[in-house]
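Beneath this line is the structure, given in structure tokens, with notes to follow.
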Amino acid sequence: MQAMSAATERQLRRRYWWRLEVRPLIGLTIVFLFVVGLSTFAYATLSPGILLWSEVAWIALQVVLLFWIAVYAVVEYALWRRTRNVGHRLQFLGSSLILFTPVGIYVPLLLGGWSATFSPPGLMAALCSMVSFFLGIVLALLGYYARRFRAGDLNLFRNLVVREGERIEAVTDGYSERPLSVTYPELHRAGAQEAARAWAGTLGKAGLLLDHRADDAGITVNPVTYTGVGTFRVLDALRFLSSVRRHPERLTWVRIGWDGRVSVHLSPGDYERTGRPVAYHALAAAVADAMVSSLLAFAEGDSEGSAAVLLGHVRGPLNPVRLPGPWAGRLGLAAAAVAALLVLTGVSSALLAVALSPERQPQEILDVRVEPPHPLPGQNVDVYANLPGYDAFSLVIDAFDAIVLAAFNATDASFREMRHVEGTTFGARLGAFPDGTEVTFALHARLRRLGMGGPPTETTLWTPPQTLAIGRVLREGPSGLSLGAPGHDIGATGNLTFRVRVDTTAAVEMVQVLAYVESRPTNLTTGFTYGYGASAFWVNLTALAGQYTAELPLFWSLPGDRTVFTVRYKIVARDTTWNTATTGLLRLEVTR
Amino acid sequence: MRVTAPSPTAPPRPPSRRWGLVLTAALLAVILAVAGLVFWTATSPPPAPQILAVSWTPQSPGPGDVITVVARVTPATLTVDLQGLSYFESGWSGGGSMTPLGDGRFQAQIGPVAEGAEVWFVVSVSTREVGPILSKHVVLQVGQVLRGGPSGIRIDSVTLDPALPSVLDNPVVTARVNSSVAITQVEFASMRFQRGGGGGGSGRAFESGPGLYRGDFGPAGPGGRGFERGTVFFYRFAARDATGNTAVSEIQTFVVR
């Protein structure tokens, strides 16, 4: 056996680099571009049904990628905990930061809406996400490729067994399950046990040993023998981590006894990776040789030399072997601190943005109040209310009105626009009313919340009606004026006809219906509700066959449409004694 | 056995490897700096906006001309609005954001304008905290606008009710128009400028009695923001009689309480 020439080493490294790293990367890129291209094509050109498929495909791709990165992070964490190698720690931190990226962006957006996303804490969370993404890539690549964090590129492309196999020229035999045992008298030195423990720890940090277990009789080490690029290495590493925990005897291991006896077991997989039918006993002997040489070099104070033996390294001033020193540990700690700071800042900013988002405010009209609370005749009546979250980025107020139905000494059916006063407070002036007027009002808002890629969500809000008596409104007087239950139907004219029975001992002076009508036409072919209309009016009812009736004109609807009319109305009556009666505000819905 | 002794060719280890710590510290510093910048940008009030100059071409527009208005403002990142309207020969009113030309210059076009019309426009800038800040009023006559003719048309007794309108008021302006000949046209022109930008130009005039006209400012518009506190209104009446003689009232203003 002899050391390979530098040229051969470079040639082999290039070959493995191409086969294990570049080719899979190119393949992944082609698959990725194919899927994305197909999705984009479908998204841009095909029908809505296909568009849904493309969206599903795109989301699935993202989920798969995130899942893969999550698995990668878990594996790297386990590797770091087991070996204490800084490269694994950086890869764990890097993949975790990449995983955090969508959190900082989507948590404010999904839980707090656009307002949260564009608020200062939301922007901070997004900034943390972006920094995390780029820093994550840098850390992951640094941890994976930087040679300062491992003794060499042993576990990148080749393992110890493969290297030793490459060094054996004679290929004469096949695989055997039987461990090879060799005795090394050099191991009988004083302090060999302590040196062996330190050696295993140091080479673990250098990324050369996956695990080691020391007992009274010796030390067993599992060299790192999984290979491949980051993506595909994960599955291998998972398998190795599982085996080293449950069945370490199935992996390649080297047992160094304090009595100088060294046993070597090569796993079938590692043997296959040599790629040539090298004699098993020769390969196992070479591995034993390398491990013992490494240990002895370490025991004599040559840490770099102990690593160089395992790497089959051709050392020289231009090609040194360096083990990661204490500085690497400090760097890993600093990277962890920065990552934690980023994630903590990002998460807390995202949660703050969500908590402060006006879009999380309930959509309702609150705190309706009248100024003055008991208005006098001729005094302006103002109504105020709060509309929480009205200034949300994605909220559009299509209408916000006070519906006013006034009867008796003044008659009015109309609506007043609610004006923005300050903050979330809106107000409207209902007007000044004469003595003996009863005013019923309700607040009505139609809001649209813009969706994130989808259609806007429409909300209609109503407050319970409130009634104000301006001055004195006579009710339940001695004349016994009362209204029966009102009836309604749509007559031949298409208008809405109201009927009500009025009872009084005096003469009926007037009966009126005051109404606020909303209409929503829906096209019967498309099923699309395309419009909205509203009107307010009042009509006198006339006596007819013992009842009072009136027709309320409804808006026409287009042929092929179906229009739903929502009518809020009240019927009022007054007799000659000025006694009054009212039905209160009622609601009915008719379809035409 | 292969290697059992330290290699004499191994290079000496450098005494210190602090680049990792330096890199980390630099990274932290960059993160903190950018975070601070974001917070500062998002929370600090922008510099007070100023309208440095407003110019227009042609200086004396003729019939069919398009008036190009250029405003220079600072800071250059503002949204600049132009509100304008015309009376007598066209009932145009409108406005909106001016197009940025770079270097704090913004442009908008009005027209084409009709012979005999009078065009009135104002440039405004505002932020959520400051403003609206307005340019001087520009009134341009297009072609021949007869003013001070023998019919003696005049507008007087312009009254705003209530005198100090608040948010919920529906202010009404009344004016008396006198002329020795029949009055053929009375218009009420108004503009509003809101804090944070936006506004509009409109107005309606109704004859409420012989020679007595009433104007109002229309609805508050989307979100009920048209009468918010601090909104600045400008208004005037314009009238024309049967001889073609015209008169305008002074431009008057109020701020919603």
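Throughout, read-outs are computed from the coordinates displayed, never taken from laboratory work. All values reported here derive from a predicted model rather than from experimental measurement. A quick note on method: Cβ atoms are made from the backbone with ideal geometry, for glycine too, and the neighbour counts reach across all protein chains shown.
With neighbours defined as other Cβ atoms within 10 Å of a residue's Cβ, the residues A:420, A:488 order from fewest to most as A:488, A:420.
In the stretch A:466-592, the ratio of gyration radius to Kirkwood radius, Rg to Rh, stands at 1.07 when only Cα atoms are counted. Residue-wise HN-Hα couplings along the stretch A:131-136, as the Karplus relation 6.51 cos²θ - 1.76 cosθ + 1.60 with θ = phi - 60° gives them from phi, are 4, 4, 4, 6, 5, x Hz; Gly and Pro carry x. Relative to the globular-protein estimate of 2.2 N^0.38 Å, the Cα radius of gyration of the protein assembly as shown stands at 1.50.
Considering only alpha-carbon pairs that sit under 8 angstrom and 6 or more positions apart, the relative contact order computed for the stretch A:269-416 is 11 percent.
Scanning residues 5 or more positions from residue A:522 or on other chains, those with amide H under 5 Å from its amide H are A:562, A:563, A:564, with H placed 1.01 Å from N in the peptide plane.
Residue exposure proxy: A:526, B:68, A:504, ordered by other Cβ atoms within 10 angstrom of their Cβ from fewest to most, comes out as A:526, B:68, A:504.
Test of the criteria: in the stretch A:423-511, which trypsin sites (Lys or Arg not before Pro) are in a DSSP loop and have at most 12 other Cβ atoms within 10 angstrom of their Cβ? Filter output for the stretch A:423-511: A:472. Taking amide H as placed 1.01 Å from N in the peptide plane, the amide H of residue A:262 sits under 5 Å from that of A:182, A:183, A:184, A:257, each at least 5 places away or on another chain. Phi angles across the stretch B:94-102 convert, under the Karplus curve 6.51 cos²θ - 1.76 cosθ + 1.60 with θ = phi - 60°, into 3J(HN,Hα) values of x, x, x, 6, 7, 7, x, 9, x Hz, Gly and Pro given as x. The spacing between the stretch B:97-152 and the stretch A:388-452, judged by their C-alpha centroids, is 35 Å. Remark on the stretch B:46-145: hydrodynamic radius 13.7 angstrom, per the Kirkwood mean of 1/r across alpha carbon pairs.
Rounded to the nearest 20 debye, the dipole size of the protein assembly as shown about its Cα centre is 3280 debye, using +1 on the Cβ of Lys and Arg and -1 on the Cβ of Asp and Glu. Taking every alpha-carbon pair under 8 Å whose residues sit at least 6 apart, the stretch B:110-219 reaches a relative contact order of 24 percent.
In chain A, the calculated helix contribution to ellipticity at 222 nm averages -13500 deg cm²/dmol per residue, counting -39,500 (n - 2.57) for every DSSP H run with n ≥ 4. Computed 3J(HN,Hα) for the stretch A:494-503, one whole-Hz value per residue from the Karplus formula 6.51 cos²θ - 1.76 cosθ + 1.60 where θ = phi - 60°, is x, 7, 8, 9, 9, 9, 8, 9, 10, 10, glycine and proline marked x. With a cut-off of 15 Å between beta carbons, the residues surrounding residue A:215 carry a summed charge of -1, where Lys and Arg count +1 and Asp and Glu -1.
Going by average Cβ density within 10 Å per residue, which order do the peptides B:148-160, A:535-547 take, highest to lowest?
Peptide ranking by packing, descending: B:148-160, A:535-547.
Close amide-amide hydrogen proximity is noted between residue A:477 and A:580, each under 5 Å apart and 5 or more residues distant or on a separate chain (H modeled in the peptide plane; Pro and chain starts excluded). Hey, what angle do you get for helix A:326-356 against the long axis of chain A, alpha-carbon based, 0 to 90 degrees rounded to 10? For A:326-356 against chain A, the angle is about 10 degrees. Considering only alpha-carbon pairs that sit under 8 angstrom and 6 or more positions apart, the relative contact order computed for chain A is 11 percent.
For the stretch B:146-257, what is one quarter of the convex hull surface built on the Cα atoms, given in nm²?
Computed as one quarter of the Cα hull surface, the answer is 6.9 nm².
Computed from the alpha carbon atoms alone, the convex hull of the stretch B:213-255 holds 83 Å³ per residue.
Think of each Lys and Arg Cβ as +1 and each Asp and Glu Cβ as -1; about the Cα centre, that makes the dipole of the stretch B:146-257 roughly 260 debye. Expressed as a whole percent, the proportion of Cα-Cα pairs in the stretch A:378-455 lying more than 21 Å apart is 37%.
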